[in-house]
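In what follows, a structure is listed as structure tokens, so that the remarks can point back to it.
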Amino acid sequence: MLFALTIHMLWRVVSMVSELDETDNQVQEALSAIKACVTAFETDVDEPFPTEIDRAYVHVFEKRFNEALGITFAYGEAGSFGSRSQDFRPVLACGVSSNMQVVLLVMPGSDPIREQRGDDQANPYEGQVAELLFEKGQDAFVFVAAQPLQASPLNELLDAEENVERPLN
């Protein structure tokens, strides 16, 4: 009986360590993606990264999708990790491929700054998605928390952005 209990406890610890390793890998991948987005914005727009941004919400998609990470840079709390800020506003959305190439860069209500999506038009939100929150520190974004994406308020914003009709040029 004691042996079985010990094995059960060890199995739970191994599972927890595995989840922590997965989160750590996602955090490192997300930080690389955030840096890629900041660099792409500053290069493509030839302006400094918006100073009002104080958070980055990173959605980590299953690897079978072209866009591996979706990032919403925002001012204020969206409501998925705490109470929604009354002055919350999304400032910039960025999509990053699994090889850390920025494939989408868009500000709400504007034409995309960069859009290099492949033929893969599948909805990455149909698979399992992890949501990570980063807050802007003195010099860099700092990891705060992670959770499985459920009914995030960011989904409504992303859906609304996709349904905006843009004039053809």
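Qualifying trypsin sites (Lys or Arg not before Pro) in the stretch 71-145, where qualification requires a DSSP coil assignment and no more than 15 other C-beta atoms within 10 Å, comprise 84, 117.
Per-residue extension of 0.36 nm, minus the Cα-Cα distance of residue 147 and residue 42, leaves a gain of 34.8 nm for this segment. State, as an integer percentage, the relative contact order of the stretch 25-146 based on alpha-carbon contacts under 8 Å between residues 6 or more apart. With pairs under 8 Å counted, the relative contact order is 25 percent.
With 0.36 nm allotted per residue and the present C-alpha distance subtracted, the residue 85-residue 115 stretch has 7.8 nm of extension available. Amide H contacts for residue 130 (H built 1.01 Å from N in the peptide plane; partners 5 or more residues away or on another chain; cut-off under 5 Å): 60, 149.
Coordinate-derived values only; no laboratory data. Keep in mind that what you see is a predicted model, and the values were worked out from it rather than measured. Cβ coordinates were reconstructed from backbone atoms using ideal geometry, including for glycine residues, and neighbour counts include every protein chain displayed.
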